[in-house]
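Input: a single structure, listed below in structure tokens.
Bear in mind these aren't lab numbers, they're just calculated from the coordinates by the rules spelled out. Since the structure is predicted, the reported quantities are computational estimates derived from the model, not experimental observations. Every residue, glycine as well, gets a Cβ built from its backbone with ideal geometry; the counts of neighbours run over all protein chains shown.
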Amino acid sequence: MRIVVLPGDGIGPEITAATLTVLRAASEQYALNINLEEHPVGHASLEKFGATVRPGLLEIVRSADGLILGPTATADFRDENKGEVNPSKFFRKSLDLFANLRPARTYGGSPDRFGAFDLVVVRENTEGFYADRNMEQGNSELLVTPDVVISLRRITRRCCERIAQTACKLAMRRRKHLTIVHKANVLKVGDGMFLEICREAARAYPELVVEDILVDAMMAHVVRQPQRFDVVVATNMFGDILSDLTAELSGSLGLGGSLNVGADYAMAQAAHGSAPDIAGRDLANPISLILSAALLLAWHGERCGEARFQSAAHGIENAIAIAIQNGRVTRDVGGNLGTEATAQAIARILRSDAGACS
Ligand code: ATP
């Protein structure tokens, strides 16, 4: 498996290096023969090549079996004419990675203030309120006068249908419970269509238990009783906001894994941003990106029919659970280790655990 690795900005390089430590251990332990190929992106690429995503990088990514993108300093990149493209948007759009899967679960051992739970937010990833990607050309935030802004949201039948299908299929492989999150009482046309299409898709799976909840009420429900949820489907921005909340409820934003999936490609990415406030201080929790990389392995294994990649993904998740339970993790989840030390602890557990299982 050839994986292109783009470390990014802020805590990106630290958590990416830590992720590679775990991936190398998994590759050895499960005979995955993973080939990791690093390229700069974000500020490092802007300095070297004059563009946050340099020409030719997309082709390199297309020719690989998967992509790991560290968080990038999206707020710094304002002018595409100066090469300042948002790398996350660029790859999601160019590779048509329409589904963003964001699991959140408790592990026991981390500060879980809301009881044990295990859910996945399935977020539409290509349209909605994202002004930098919901237009063929230009940007959908319009400065009408210096004091008036109009922001447009795009909702299409095709994107609703494919995210609804993804969510239903995932729910069928889990606990068969689907929650549709929307604001169809206000956004009657756009979210009305999203809701109706999700319901319609779910009708093809009679075993699925389906409910829908207004996005504002969902914030209260998920804090009150996160264990009530299994698969939660939402439009782009609602899913983004909700999944930061569910990651934090699971113990820390630093536990938020995320896989962006399309028909032919997948990109592992942490659910959080570049966290400049803790960059370079050995405080960043690498588990978000490690989990995302595990999701990428599982995706590849399913695609190629190679079960050892799925076993490796399970092994990594298991090792993370043990590391958290034993406090061999960063401060945000109750430990006292640094970023790389956390990865090494996970890699050690992975080696011993996989050794014990084989
Ligand atoms: P960006 O502008 O790139 O989105 P941000 O700091 O605004 O960066 P996040 O990176 O999502 O947004 O961080 C939000 C908060 O969560 C910050 O206080 C940060 O320190 C914390 N945080 C984010 N990721 C991690 C992590 N991996 N480990 C520990 N804390 C984290």
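Things to note:
- Straight-distance crosslink candidates among aspartates and glutamates, where the alpha carbon sits under 18 Å from LYS169 and sequence neighbours closer than 8 are dropped: ASP118, GLU124, GLU161, GLU196, GLU200, GLU207, GLU211, ASP212, ASP230, ASP264, GLU302
- Residue by residue, the range 77-82 carries 3J(HN,Hα) couplings of 9, 10, 10, 4, 5, 9 Hz when phi is fed to the Karplus relation 6.51 cos²θ - 1.76 cosθ + 1.60 (θ = phi - 60°); x denotes Gly or Pro.
- Mean separation of Cα contacts under 8 Å, 6 or more apart, over the residue count of the range 297-337: relative contact order %: 23 percent
- Counted charge near ALA171, where neighbours are those whose Cβ lies closer than 12 Å (Asp, Glu -1; Lys, Arg +1): +2
- Highest-fluctuation residue, PRO206, PRO146, PRO286 considered, GNM on the chain with Cα pairs under 10 Å: PRO146
- The dipole here belongs to the chain: it is taken about the Cα centre, uses +1 on the Cβ of Lys and Arg and -1 on the Cβ of Asp and Glu, and is about 760 debye.
- The range 43-108, relative contact order in percent, only Cα pairs under 8 angstrom and at least six apart counted: 30 percent
- Amide H contacts of ALA51 (H built 1.01 Å from N, in plane; Pro and chain starts excluded): LEU46 sit under 5 Å, all sequence-distant by 5 or more or on other chains.
- Where trypsin sites (Lys or Arg not before Pro) fall in DSSP loop in the range 258-339, at most 12 other Cβ within 10 Å: ARG281
- Within the chain, longest stretch free of exposed GluC sites (Glu not before Pro) [DSSP loop, at most 13 other beta carbons within 10 Å]: 208-358
- Of the trypsin sites (Lys or Arg not before Pro) found in the range 178-244, those in coil by DSSP whose Cβ has at most 15 other Cβ atoms within 10 Å are LYS188.
- Considering only SER288, ASN336, MET267, the residue lying farthest towards the positive end of the dipole of the range 209-346 is ASN336, judged by Cα position with unit charges set on Cβ.
- Sequentially through the range 247-258, phi angles give Karplus couplings (6.51, -1.76, 1.60; θ = phi - 60°) of 5, 5, 4, 6, x, 5, 4, x, 9, x, x, 7 Hz, Gly and Pro residues having no value and appearing as x.
- Couplings for the range 12-24, taken from phi via the Karplus curve 6.51 cos²θ - 1.76 cosθ + 1.60 with θ = phi - 60°, read x, x, 5, 6, 6, 4, 5, 5, 5, 4, 6, 5, 5 Hz in order; Gly and Pro are left as x.
- Of VAL149, VAL41, VAL333, the one that fluctuates the most in a GNM where the chain has Cα springs shorter than 10 Å: VAL149
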